[in-house]
Amino acid sequence: MADSTFDLIVIGAGPGGYVAAIRAAQLGLKVACVEREHLGGICLNWGCIPTKALLRSAEVYHQFHRASEFGLSVEKASFDLNAIVKRSRGVSAQMNAGIKGLFKKNKITSIMGEAKIVSRGKVEVKSDKSVETISAKNIIVATGARARELPGLEADGDLVWTYKHALTPKKMPKKLLVIGSGAIGIEFASFYNTLGADTTVVEVMDRVLPVEDKDVSQFAKKQFEKQGMNIWEKAMVKSLDRKPGKGVTAHIEKAGKIEKHEFDTVISAVGIVGNVEGLGLEELGVKIDRTHVITDEYCRTGVDGVFAIGDVAGAPWLAHKASHEGVMVAELIAGQKPHPIKPNSIAGCTYCHPQVASVGLTEEKAKEAGYKIKVGKFPFMANGKAVAMGEAEGLVKTIFDEKTGELLGAHMVGAEVTEMIQGYVIGRQLETTEEDLMHTVFPHPTMSEMMHESVLAAYGKALHI
(Lines give C-alpha, C1' and ligand atoms only; values in the text may rest on other atoms or scores of the structure.)
Protein backbone atom coordinates (compact mmCIF):
# COMPACT_ATOMS: atom_id res chain seq x y z
CA MET A 1 0.00 0.00 0.00
CA ALA A 2 1.47 3.34 -1.08
CA ASP A 3 0.20 5.27 1.94
CA SER A 4 -0.53 3.44 5.19
CA THR A 5 -1.39 6.44 7.36
CA PHE A 6 -5.00 7.47 7.87
CA ASP A 7 -7.09 9.76 10.05
CA LEU A 8 -9.38 6.86 10.98
CA ILE A 9 -9.26 3.07 10.79
CA VAL A 10 -12.57 1.22 11.09
CA ILE A 11 -12.34 -2.48 11.95
CA GLY A 12 -15.44 -4.20 10.61
CA ALA A 13 -17.66 -3.25 7.67
CA GLY A 14 -21.06 -4.10 9.09
CA PRO A 15 -23.90 -1.56 9.46
CA GLY A 16 -21.92 0.25 12.17
CA GLY A 17 -18.51 0.15 10.56
CA TYR A 18 -19.30 0.98 6.96
CA VAL A 19 -21.63 3.83 7.97
CA ALA A 20 -18.96 5.24 10.30
CA ALA A 21 -16.44 5.08 7.46
CA ILE A 22 -18.76 6.86 5.04
CA ARG A 23 -19.71 9.62 7.47
CA ALA A 24 -16.07 10.20 8.43
CA ALA A 25 -15.11 10.44 4.76
CA GLN A 26 -17.94 12.93 4.16
CA LEU A 27 -16.42 15.07 6.91
CA GLY A 28 -13.06 15.15 5.17
CA LEU A 29 -11.22 12.40 7.04
CA LYS A 30 -8.92 9.93 5.31
CA VAL A 31 -10.46 6.54 6.14
CA ALA A 32 -9.50 2.88 5.89
CA CYS A 33 -11.99 0.11 6.63
CA VAL A 34 -10.77 -3.42 7.38
CA GLU A 35 -13.16 -6.35 6.91
CA ARG A 36 -12.30 -10.04 7.18
CA GLU A 37 -15.26 -11.50 5.29
CA HIS A 38 -18.05 -9.46 3.67
CA LEU A 39 -18.81 -5.76 3.25
CA GLY A 40 -22.08 -5.21 5.06
CA GLY A 41 -21.22 -7.63 7.85
CA ILE A 42 -23.63 -10.14 9.34
CA CYS A 43 -26.65 -7.84 8.99
CA LEU A 44 -26.49 -7.47 5.25
CA ASN A 45 -25.08 -10.89 4.37
CA TRP A 46 -26.36 -13.27 7.07
CA GLY A 47 -28.90 -11.38 9.16
CA CYS A 48 -31.33 -8.51 8.71
CA ILE A 49 -31.53 -8.39 4.91
CA PRO A 50 -31.54 -12.04 3.79
CA THR A 51 -33.93 -13.08 6.56
CA LYS A 52 -36.39 -10.42 5.42
CA ALA A 53 -36.13 -11.75 1.88
CA LEU A 54 -36.96 -15.25 3.14
CA LEU A 55 -39.82 -13.98 5.28
CA ARG A 56 -41.25 -12.05 2.33
CA SER A 57 -41.39 -15.28 0.31
CA ALA A 58 -43.17 -16.98 3.22
CA GLU A 59 -45.60 -14.07 3.49
CA VAL A 60 -46.51 -14.28 -0.19
CA TYR A 61 -46.94 -18.05 0.12
CA HIS A 62 -49.19 -17.52 3.14
CA GLN A 63 -51.34 -15.07 1.17
CA PHE A 64 -51.73 -17.62 -1.66
CA HIS A 65 -53.56 -19.84 0.81
CA ARG A 66 -55.87 -16.99 1.80
CA ALA A 67 -56.84 -16.15 -1.78
CA SER A 68 -60.45 -17.22 -1.41
CA GLU A 69 -60.96 -14.66 1.39
CA PHE A 70 -60.33 -11.95 -1.20
CA GLY A 71 -62.50 -13.44 -3.94
CA LEU A 72 -59.47 -14.89 -5.72
CA SER A 73 -58.42 -18.37 -6.79
CA VAL A 74 -54.93 -19.88 -6.67
CA GLU A 75 -54.50 -23.51 -7.69
CA LYS A 76 -51.85 -25.83 -6.25
CA ALA A 77 -49.73 -23.21 -4.49
CA SER A 78 -46.26 -24.60 -3.87
CA PHE A 79 -42.73 -23.42 -3.22
CA ASP A 80 -39.16 -24.15 -4.30
CA LEU A 81 -36.89 -23.80 -1.25
CA ASN A 82 -33.76 -23.52 -3.38
CA ALA A 83 -35.30 -20.71 -5.40
CA ILE A 84 -36.38 -18.90 -2.22
CA VAL A 85 -32.83 -19.12 -0.86
CA LYS A 86 -31.36 -18.06 -4.22
CA ARG A 87 -33.49 -14.92 -4.22
CA SER A 88 -32.44 -14.15 -0.65
CA ARG A 89 -28.75 -14.52 -1.48
CA GLY A 90 -29.23 -12.35 -4.57
CA VAL A 91 -30.70 -9.56 -2.46
CA SER A 92 -27.66 -9.69 -0.15
CA ALA A 93 -25.26 -9.69 -3.10
CA GLN A 94 -26.97 -6.62 -4.55
CA MET A 95 -26.64 -4.71 -1.28
CA ASN A 96 -23.02 -5.84 -0.88
CA ALA A 97 -22.19 -4.39 -4.29
CA GLY A 98 -23.88 -1.17 -3.25
CA ILE A 99 -21.49 -0.74 -0.32
CA LYS A 100 -18.50 -1.26 -2.63
CA GLY A 101 -19.86 1.56 -4.75
CA LEU A 102 -20.33 3.83 -1.74
CA PHE A 103 -16.75 3.18 -0.57
CA LYS A 104 -15.44 4.06 -4.03
CA LYS A 105 -17.60 7.20 -4.20
CA ASN A 106 -16.34 8.40 -0.80
CA LYS A 107 -12.68 7.43 -1.49
CA ILE A 108 -12.54 4.99 1.42
CA THR A 109 -9.68 2.49 1.37
CA SER A 110 -11.17 -0.99 1.77
CA ILE A 111 -8.81 -3.69 3.06
CA MET A 112 -9.82 -7.35 3.30
CA GLY A 113 -8.14 -9.25 6.12
CA GLU A 114 -7.93 -9.94 9.86
CA ALA A 115 -7.18 -6.85 11.96
CA LYS A 116 -5.30 -6.60 15.23
CA ILE A 117 -4.42 -3.44 17.13
CA VAL A 118 -0.74 -4.03 17.86
CA SER A 119 -0.16 -0.74 19.65
CA ARG A 120 -1.94 2.54 20.13
CA GLY A 121 -2.75 3.91 16.68
CA LYS A 122 -1.38 0.91 14.75
CA VAL A 123 -3.33 -1.93 13.17
CA GLU A 124 -1.85 -5.06 11.65
CA VAL A 125 -3.87 -6.61 8.83
CA LYS A 126 -3.32 -10.22 7.80
CA SER A 127 -4.68 -11.55 4.54
CA ASP A 128 -4.00 -14.72 2.56
CA LYS A 129 -1.36 -12.85 0.56
CA SER A 130 0.35 -10.47 2.98
CA VAL A 131 0.70 -8.79 6.35
CA GLU A 132 0.67 -5.00 6.48
CA THR A 133 0.56 -2.38 9.19
CA ILE A 134 -1.54 0.76 8.92
CA SER A 135 -1.82 3.63 11.37
CA ALA A 136 -4.31 6.27 12.45
CA LYS A 137 -4.89 8.51 15.43
CA ASN A 138 -8.39 7.08 15.82
CA ILE A 139 -9.67 3.51 15.59
CA ILE A 140 -13.29 2.32 15.65
CA VAL A 141 -13.90 -1.31 16.60
CA ALA A 142 -17.08 -2.48 14.85
CA THR A 143 -16.53 -6.22 14.75
CA GLY A 144 -20.09 -7.25 15.62
CA ALA A 145 -21.13 -10.52 17.20
CA ARG A 146 -21.82 -14.16 16.40
CA ALA A 147 -24.27 -16.83 17.55
CA ARG A 148 -23.83 -18.08 21.10
CA GLU A 149 -23.39 -21.84 21.32
CA LEU A 150 -24.21 -23.69 24.54
CA PRO A 151 -22.39 -26.88 25.57
CA GLY A 152 -24.11 -29.90 24.07
CA LEU A 153 -26.19 -27.74 21.72
CA GLU A 154 -23.39 -26.80 19.31
CA ALA A 155 -24.30 -26.53 15.65
CA ASP A 156 -23.07 -29.11 13.17
CA GLY A 157 -24.74 -27.74 10.04
CA ASP A 158 -26.62 -30.99 9.49
CA LEU A 159 -28.96 -31.72 12.37
CA VAL A 160 -28.34 -28.59 14.46
CA TRP A 161 -28.26 -25.19 12.76
CA THR A 162 -27.29 -21.62 13.58
CA TYR A 163 -28.82 -18.71 11.69
CA LYS A 164 -26.28 -19.18 8.87
CA HIS A 165 -27.35 -22.76 8.26
CA ALA A 166 -31.02 -21.75 8.51
CA LEU A 167 -30.47 -19.12 5.81
CA THR A 168 -29.01 -21.64 3.36
CA PRO A 169 -30.75 -24.90 4.26
CA LYS A 170 -29.79 -28.16 2.59
CA LYS A 171 -33.26 -29.51 3.29
CA MET A 172 -36.75 -28.42 4.29
CA PRO A 173 -37.29 -29.40 7.96
CA LYS A 174 -40.28 -31.62 8.60
CA LYS A 175 -40.23 -31.50 12.39
CA LEU A 176 -38.32 -28.47 13.66
CA LEU A 177 -37.18 -27.46 17.14
CA VAL A 178 -36.23 -23.81 17.66
CA ILE A 179 -34.32 -23.11 20.88
CA GLY A 180 -34.95 -19.50 21.94
CA SER A 181 -37.82 -17.16 21.10
CA GLY A 182 -36.00 -13.87 20.70
CA ALA A 183 -36.11 -12.06 17.36
CA ILE A 184 -33.82 -14.50 15.53
CA GLY A 185 -35.48 -17.65 16.82
CA ILE A 186 -39.06 -16.54 16.31
CA GLU A 187 -38.38 -15.21 12.79
CA PHE A 188 -36.97 -18.55 11.65
CA ALA A 189 -39.78 -20.38 13.45
CA SER A 190 -42.28 -18.20 11.59
CA PHE A 191 -40.57 -18.77 8.21
CA TYR A 192 -40.32 -22.54 8.41
CA ASN A 193 -43.72 -22.96 10.06
CA THR A 194 -45.37 -20.99 7.25
CA LEU A 195 -43.73 -23.29 4.70
CA GLY A 196 -45.18 -26.31 6.48
CA ALA A 197 -42.66 -27.48 9.09
CA ASP A 198 -44.13 -28.90 12.31
CA THR A 199 -42.49 -26.29 14.54
CA THR A 200 -41.84 -26.28 18.27
CA VAL A 201 -40.33 -23.26 20.06
CA VAL A 202 -38.72 -23.72 23.49
CA GLU A 203 -38.17 -20.60 25.62
CA VAL A 204 -36.47 -20.64 29.03
CA MET A 205 -38.22 -17.43 30.16
CA ASP A 206 -41.88 -17.22 31.18
CA ARG A 207 -43.04 -15.98 27.78
CA VAL A 208 -42.08 -15.86 24.11
CA LEU A 209 -40.45 -12.66 22.88
CA PRO A 210 -39.43 -12.04 26.52
CA VAL A 211 -38.12 -8.50 26.04
CA GLU A 212 -41.48 -7.31 24.69
CA ASP A 213 -44.44 -5.97 26.65
CA LYS A 214 -46.42 -8.78 28.27
CA ASP A 215 -49.63 -7.97 26.37
CA VAL A 216 -47.77 -8.13 23.06
CA SER A 217 -46.03 -11.41 23.95
CA GLN A 218 -49.32 -13.02 24.97
CA PHE A 219 -51.10 -11.82 21.84
CA ALA A 220 -48.26 -13.02 19.60
CA LYS A 221 -48.22 -16.43 21.30
CA LYS A 222 -51.92 -16.94 20.57
CA GLN A 223 -51.32 -16.11 16.91
CA PHE A 224 -48.32 -18.44 16.68
CA GLU A 225 -50.35 -21.27 18.21
CA LYS A 226 -53.25 -20.53 15.85
CA GLN A 227 -50.75 -21.04 13.01
CA GLY A 228 -49.86 -24.45 14.39
CA MET A 229 -46.69 -23.73 16.35
CA ASN A 230 -46.04 -25.50 19.62
CA ILE A 231 -44.85 -22.95 22.21
CA TRP A 232 -43.15 -24.21 25.37
CA GLU A 233 -42.40 -21.50 27.90
CA LYS A 234 -40.34 -21.87 31.11
CA ALA A 235 -38.67 -24.86 29.46
CA MET A 236 -35.04 -25.73 28.74
CA VAL A 237 -33.33 -28.03 26.25
CA LYS A 238 -30.87 -29.92 28.46
CA SER A 239 -29.19 -32.05 25.79
CA LEU A 240 -29.46 -33.38 22.25
CA ASP A 241 -28.88 -36.97 21.13
CA ARG A 242 -27.84 -36.80 17.49
CA LYS A 243 -28.51 -39.68 15.14
CA PRO A 244 -26.92 -38.89 11.75
CA GLY A 245 -29.34 -39.46 8.93
CA LYS A 246 -32.23 -39.98 11.33
CA GLY A 247 -32.70 -36.91 13.51
CA VAL A 248 -32.31 -35.60 17.04
CA THR A 249 -33.74 -36.61 20.39
CA ALA A 250 -34.14 -33.48 22.52
CA HIS A 251 -34.19 -33.78 26.30
CA ILE A 252 -36.47 -30.92 27.39
CA GLU A 253 -37.00 -29.94 31.02
CA LYS A 254 -40.32 -28.36 31.98
CA ALA A 255 -41.88 -28.08 35.45
CA GLY A 256 -39.06 -30.15 36.91
CA LYS A 257 -39.58 -33.09 34.54
CA ILE A 258 -37.50 -34.06 31.52
CA GLU A 259 -39.28 -35.29 28.41
CA LYS A 260 -37.78 -36.72 25.23
CA HIS A 261 -39.00 -35.46 21.86
CA GLU A 262 -37.90 -36.33 18.34
CA PHE A 263 -37.00 -33.74 15.66
CA ASP A 264 -35.23 -33.89 12.31
CA THR A 265 -33.78 -30.37 12.61
CA VAL A 266 -32.85 -28.01 15.45
CA ILE A 267 -32.17 -24.27 15.19
CA SER A 268 -30.23 -22.84 18.13
CA ALA A 269 -30.97 -19.14 18.70
CA VAL A 270 -29.85 -18.60 22.28
CA GLY A 271 -28.23 -15.18 21.97
CA ILE A 272 -24.96 -13.75 20.72
CA VAL A 273 -21.39 -13.15 21.86
CA GLY A 274 -19.22 -10.21 20.84
CA ASN A 275 -16.32 -10.69 18.44
CA VAL A 276 -13.55 -9.44 20.73
CA GLU A 277 -10.95 -12.18 20.31
CA GLY A 278 -7.64 -11.60 18.55
CA LEU A 279 -8.03 -7.84 18.30
CA GLY A 280 -5.43 -6.92 20.91
CA LEU A 281 -8.00 -5.01 22.93
CA GLU A 282 -7.19 -6.18 26.44
CA GLU A 283 -3.45 -5.81 25.87
CA LEU A 284 -4.18 -2.20 24.93
CA GLY A 285 -6.15 -1.64 28.14
CA VAL A 286 -9.67 -1.85 26.73
CA LYS A 287 -12.07 -3.34 29.26
CA ILE A 288 -14.31 -6.24 28.24
CA ASP A 289 -17.29 -7.61 30.14
CA ARG A 290 -18.91 -10.90 29.06
CA THR A 291 -17.56 -10.62 25.49
CA HIS A 292 -18.63 -7.01 25.04
CA VAL A 293 -16.47 -3.88 25.08
CA ILE A 294 -17.28 -1.41 27.86
CA THR A 295 -17.87 2.12 26.55
CA ASP A 296 -19.29 5.44 27.69
CA GLU A 297 -22.28 7.19 26.08
CA TYR A 298 -20.05 8.38 23.23
CA CYS A 299 -18.70 4.86 22.56
CA ARG A 300 -15.28 5.74 23.98
CA THR A 301 -13.45 2.75 25.46
CA GLY A 302 -11.32 4.68 27.94
CA VAL A 303 -8.23 4.16 25.78
CA ASP A 304 -7.48 7.37 23.95
CA GLY A 305 -8.41 7.18 20.27
CA VAL A 306 -10.17 3.79 20.50
CA PHE A 307 -13.95 3.56 20.13
CA ALA A 308 -16.34 0.58 19.97
CA ILE A 309 -19.76 0.59 18.30
CA GLY A 310 -22.58 -1.79 17.47
CA ASP A 311 -23.08 -5.35 18.73
CA VAL A 312 -19.52 -5.67 20.07
CA ALA A 313 -20.30 -2.76 22.42
CA GLY A 314 -23.40 -4.38 23.89
CA ALA A 315 -27.18 -4.03 23.89
CA PRO A 316 -29.39 -3.18 22.21
CA TRP A 317 -28.07 -5.50 19.49
CA LEU A 318 -29.66 -3.70 16.55
CA ALA A 319 -28.23 -2.67 13.18
CA HIS A 320 -29.80 0.79 13.29
CA LYS A 321 -28.27 1.41 16.71
CA ALA A 322 -24.85 0.47 15.29
CA SER A 323 -25.27 2.79 12.30
CA HIS A 324 -26.30 5.73 14.45
CA GLU A 325 -23.37 5.12 16.78
CA GLY A 326 -21.09 5.07 13.74
CA VAL A 327 -22.31 8.48 12.64
CA MET A 328 -22.01 9.87 16.17
CA VAL A 329 -18.42 8.68 16.61
CA ALA A 330 -17.36 9.87 13.15
CA GLU A 331 -18.71 13.33 13.92
CA LEU A 332 -17.05 13.32 17.35
CA ILE A 333 -13.68 12.44 15.79
CA ALA A 334 -14.17 15.18 13.19
CA GLY A 335 -14.53 17.78 15.96
CA GLN A 336 -18.30 18.12 15.97
CA LYS A 337 -20.55 17.90 19.03
CA PRO A 338 -23.09 15.13 18.40
CA HIS A 339 -25.75 14.12 20.90
CA PRO A 340 -25.32 10.76 22.65
CA ILE A 341 -27.79 8.02 21.77
CA LYS A 342 -30.75 7.32 24.04
CA PRO A 343 -31.11 3.51 24.13
CA ASN A 344 -34.75 3.75 25.28
CA SER A 345 -35.63 5.67 22.14
CA ILE A 346 -34.35 2.97 19.79
CA ALA A 347 -37.08 0.81 18.32
CA GLY A 348 -36.92 -2.96 18.14
CA CYS A 349 -38.59 -4.80 15.26
CA THR A 350 -39.28 -8.50 14.81
CA TYR A 351 -40.47 -9.70 11.40
CA CYS A 352 -42.37 -12.81 12.40
CA HIS A 353 -46.03 -13.25 11.48
CA PRO A 354 -47.57 -11.20 12.98
CA GLN A 355 -44.88 -8.54 13.16
CA VAL A 356 -43.83 -7.05 16.50
CA ALA A 357 -42.39 -3.58 17.13
CA SER A 358 -41.71 -1.51 20.22
CA VAL A 359 -39.90 1.50 21.62
CA GLY A 360 -39.33 2.68 25.19
CA LEU A 361 -40.51 1.10 28.42
CA THR A 362 -42.90 -1.81 28.77
CA GLU A 363 -45.78 -1.38 31.21
CA GLU A 364 -43.95 -3.59 33.71
CA LYS A 365 -40.67 -1.62 33.43
CA ALA A 366 -42.48 1.72 33.70
CA LYS A 367 -44.07 0.64 36.97
CA GLU A 368 -40.75 -0.69 38.26
CA ALA A 369 -39.21 2.71 37.50
CA GLY A 370 -41.78 4.34 39.77
CA TYR A 371 -43.97 6.01 37.17
CA LYS A 372 -47.68 6.44 37.69
CA ILE A 373 -48.92 5.62 34.24
CA LYS A 374 -51.80 5.80 31.81
CA VAL A 375 -52.14 2.96 29.32
CA GLY A 376 -54.03 2.93 26.04
CA LYS A 377 -54.82 -0.06 23.84
CA PHE A 378 -56.48 -0.24 20.45
CA PRO A 379 -57.28 -3.41 18.47
CA PHE A 380 -56.66 -3.85 14.75
CA MET A 381 -60.20 -5.20 14.33
CA ALA A 382 -61.57 -1.70 14.97
CA ASN A 383 -59.55 -0.13 12.15
CA GLY A 384 -61.16 0.06 8.71
CA LYS A 385 -57.93 -0.23 6.72
CA ALA A 386 -56.76 -3.28 8.72
CA VAL A 387 -60.09 -5.03 8.14
CA ALA A 388 -60.06 -4.14 4.43
CA MET A 389 -56.52 -5.54 4.16
CA GLY A 390 -57.61 -8.76 5.82
CA GLU A 391 -55.25 -8.05 8.71
CA ALA A 392 -57.64 -7.58 11.63
CA GLU A 393 -55.49 -9.43 14.19
CA GLY A 394 -53.29 -7.02 16.13
CA LEU A 395 -52.88 -4.52 18.94
CA VAL A 396 -51.37 -1.09 19.54
CA LYS A 397 -50.47 -0.14 23.12
CA THR A 398 -49.14 3.15 24.46
CA ILE A 399 -47.86 4.03 27.93
CA PHE A 400 -47.72 7.59 29.29
CA ASP A 401 -46.41 9.29 32.42
CA GLU A 402 -49.59 10.46 34.11
CA LYS A 403 -47.83 13.50 35.60
CA THR A 404 -46.10 14.93 32.50
CA GLY A 405 -47.83 13.27 29.54
CA GLU A 406 -44.48 11.89 28.31
CA LEU A 407 -44.74 8.92 25.97
CA LEU A 408 -42.85 6.30 27.97
CA GLY A 409 -43.34 3.39 25.60
CA ALA A 410 -45.23 2.08 22.59
CA HIS A 411 -45.78 -1.57 21.68
CA MET A 412 -47.42 -3.13 18.65
CA VAL A 413 -48.20 -6.52 17.20
CA GLY A 414 -49.80 -7.02 13.80
CA ALA A 415 -49.33 -6.37 10.10
CA GLU A 416 -46.83 -3.66 9.10
CA VAL A 417 -46.14 -2.50 12.66
CA THR A 418 -42.40 -2.45 11.90
CA GLU A 419 -43.12 0.44 9.53
CA MET A 420 -45.57 2.18 11.89
CA ILE A 421 -43.34 2.25 14.99
CA GLN A 422 -41.18 5.05 13.62
CA GLY A 423 -44.00 7.50 14.29
CA TYR A 424 -43.67 6.88 18.00
CA VAL A 425 -39.86 6.94 17.77
CA ILE A 426 -40.03 10.45 16.32
CA GLY A 427 -42.50 11.39 19.04
CA ARG A 428 -40.07 10.29 21.76
CA GLN A 429 -37.14 12.03 20.06
CA LEU A 430 -39.08 15.30 19.89
CA GLU A 431 -40.34 14.81 23.47
CA THR A 432 -43.97 15.08 22.45
CA THR A 433 -46.72 14.76 25.03
CA GLU A 434 -50.07 13.04 24.82
CA GLU A 435 -51.60 16.39 23.87
CA ASP A 436 -49.27 16.77 20.88
CA LEU A 437 -50.19 13.30 19.66
CA MET A 438 -53.91 13.84 20.23
CA HIS A 439 -53.82 17.02 18.17
CA THR A 440 -51.95 15.37 15.30
CA VAL A 441 -54.19 14.60 12.31
CA PHE A 442 -53.60 11.05 11.06
CA PRO A 443 -54.60 10.30 7.44
CA HIS A 444 -57.62 8.11 6.71
CA PRO A 445 -57.90 5.30 5.87
CA THR A 446 -54.58 4.11 7.25
CA MET A 447 -53.45 1.62 9.84
CA SER A 448 -51.54 4.48 11.48
CA GLU A 449 -54.89 5.79 12.77
CA MET A 450 -54.64 3.06 15.41
CA MET A 451 -51.62 4.88 16.82
CA HIS A 452 -53.80 7.94 17.37
CA GLU A 453 -56.64 5.89 18.85
CA SER A 454 -54.29 4.18 21.29
CA VAL A 455 -53.19 7.57 22.62
CA LEU A 456 -56.81 8.65 22.94
CA ALA A 457 -57.64 5.39 24.71
CA ALA A 458 -55.01 6.06 27.38
CA TYR A 459 -57.05 9.12 28.40
CA GLY A 460 -60.53 7.67 27.93
CA LYS A 461 -61.10 9.46 24.62
CA ALA A 462 -60.98 6.64 22.06
CA LEU A 463 -63.51 7.12 19.28
CA HIS A 464 -63.84 3.70 17.68
CA ILE A 465 -63.98 1.33 20.66
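The values are calculated or read from the model by the stated rules, or taken from the named source; none is laboratory data. For clarity, every value in this text was computed on a predicted model and none was experimentally measured. Cβ sites come from the backbone with ideal geometry, for glycine too, and all protein chains shown count toward neighbours. Ligands, DNA and RNA are stripped out before the accessible areas are found, and what is left, the full protein with its side chains, is counted by its heavy atoms. Shrake-Rupley method; radii C 1.70, N 1.55, O 1.52, S 1.80 Å.
Take the residues in the stretch 151-196 that are farther than 25 Å from Gly414 by Cβ and of a type in the set (Val, Ile, Thr); name whichever of them is surrounded by the most Cβ atoms within 10 Å (Cβ to Cβ).
In this case the residue turns out to be Ile179.
Take Val286 and decide whether it is under 23 Å from Thr162 (Cα atoms) and either in a strand (DSSP E or B) or open to solvent by less than 10 Å² (accessible area, probe 1.4 Å) (or both).
No, not satisfied.
Which one is farthest from Phe442 (Cα to Cα), of the residues in the stretch 368-380 that are open to solvent by 30 Å² or more (accessible area, probe 1.4 Å) and in a strand (DSSP E or B)?
By that ranking, first place goes to Ile373.
Please state which one of Gly47, Gly101, Gly113 is open to solvent by less than 60 Å² (accessible area, probe 1.4 Å) and at positive phi.
Gly113
Within the stretch 377-391, is there a residue that is small (Gly, Ala, Ser) and within 17 Å of Glu212 (Cα to Cα)?
No, there is no match, as no residue in the stretch 377-391 is small (Gly, Ala, Ser) and within 17 Å of Glu212 (Cα to Cα).
Look at the stretch 50-68 and say how many of its residues are open to solvent by 30 Å² or more (accessible area, probe 1.4 Å) and among the aliphatic types (A, V, I, L, M).
The qualifying residues number 1.
If you go through the stretch 90-129, how many residues are within 30 Å of Leu54 (Cα to Cα), among the hydroxyl-bearing types (Ser, Thr, Tyr) and not in a helix (DSSP H, G or I)?
Residues that pass the stated criteria total 1.
Given Glu393, Glu364, which one is open to solvent by 40 Å² or more (accessible area, probe 1.4 Å), assigned to a helix (DSSP H, G or I), among the acidic types (Asp, Glu) and more than 18 Å from Ala20 (Cα to Cα)?
Within the list Glu393, Glu364, the selection yields Glu364.
Which members of the stretch 75-89 meet the condition of being assigned to a loop (DSSP other than H, G, I, E, B) and loosely packed, with under 15 Cβ neighbours inside 10 Å?
Listed by number, the residues that qualify are Glu75, Lys76, Ala77, Ser78, Asp80.
Residues being part of a strand (DSSP E or B) and without any contact (Cβ under 8 Å) to a residue 60 or more places away in the chain: count how many of those fall in the stretch 130-140.
The total comes to 1.
Here is a yes/no grid of residues against (1) over 30 Å from Val60 (Cβ atoms); (2) open to solvent by 10 Å² or more (accessible area, probe 1.4 Å); (3) in contact (Cβ under 8 Å) with a residue 60 or more places away in the chain; (4) of a type outside the set (Phe, Trp, Tyr):
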position	(1), (2), (3), (4)
Ala382	no, yes, yes, yes
Lys397	no, no, yes, yes
Glu416	no, yes, yes, yes
Met420	no, yes, yes, yes
Thr433	yes, yes, no, yes
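Where residues in the stretch 289-312 are within 22 Å of Glu149 (Cβ to Cβ) and open to solvent by 20 Å² or more (accessible area, probe 1.4 Å), which of them is farthest from the chain's Cα centre (by Cα)?
Restricting to residues being within 22 Å of Glu149 (Cβ to Cβ) and open to solvent by 20 Å² or more (accessible area, probe 1.4 Å), the top hit is Asp289.
Pick from Thr433, Thr404, Thr440, Thr418: which is under 25 Å from the mean Cα position of the chain (by Cα) and of a type in the set (Val, Ile, Thr)?
Answer to the selection: Thr418.
Out of (1) in a loop (DSSP other than H, G, I, E, B); (2) over 17 Å from Gly348 (Cα atoms), what's the single condition that is false for Ala386?
In the conditions (1) in a loop (DSSP other than H, G, I, E, B); (2) over 17 Å from Gly348 (Cα atoms), Ala386 misses (1) alone.
Listed here are the residues, each with its yes/no results for (1) modelled with pLDDT of 95 or more; (2) buried (at least 20 other Cβ atoms within 10 Å of the Cβ); (3) under 21 Å from Lys174 (Cα atoms).
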{"residue": "Phe224", "(1), (2), (3)": "yes, yes, yes"}
{"residue": "Met229", "(1), (2), (3)": "yes, yes, yes"}
{"residue": "Lys234", "(1), (2), (3)": "yes, no, no"}
{"residue": "Leu240", "(1), (2), (3)": "yes, yes, yes"}
{"residue": "His251", "(1), (2), (3)": "yes, no, yes"}
{"residue": "Ala255", "(1), (2), (3)": "no, no, no"}
{"residue": "Ile258", "(1), (2), (3)": "yes, no, no"}
{"residue": "Ile267", "(1), (2), (3)": "yes, yes, yes"}
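Condition first: under 11 Å from Lys377 (Cα atoms), open to solvent by 60 Å² or more (accessible area, probe 1.4 Å) and without any contact (Cβ under 8 Å) to a residue 24 or more places away in the chain. Now tell me which residues in the stretch 439-465 satisfy that.
Gly460
How many residues does the stretch 326-344 hold that are open to solvent by 20 Å² or more (accessible area, probe 1.4 Å) and either outside any loop (DSSP other than H, G, I, E, B) or of a type in the set (Val, Ile, Thr) (or both)?
The number of residues fulfilling the criteria is 7.
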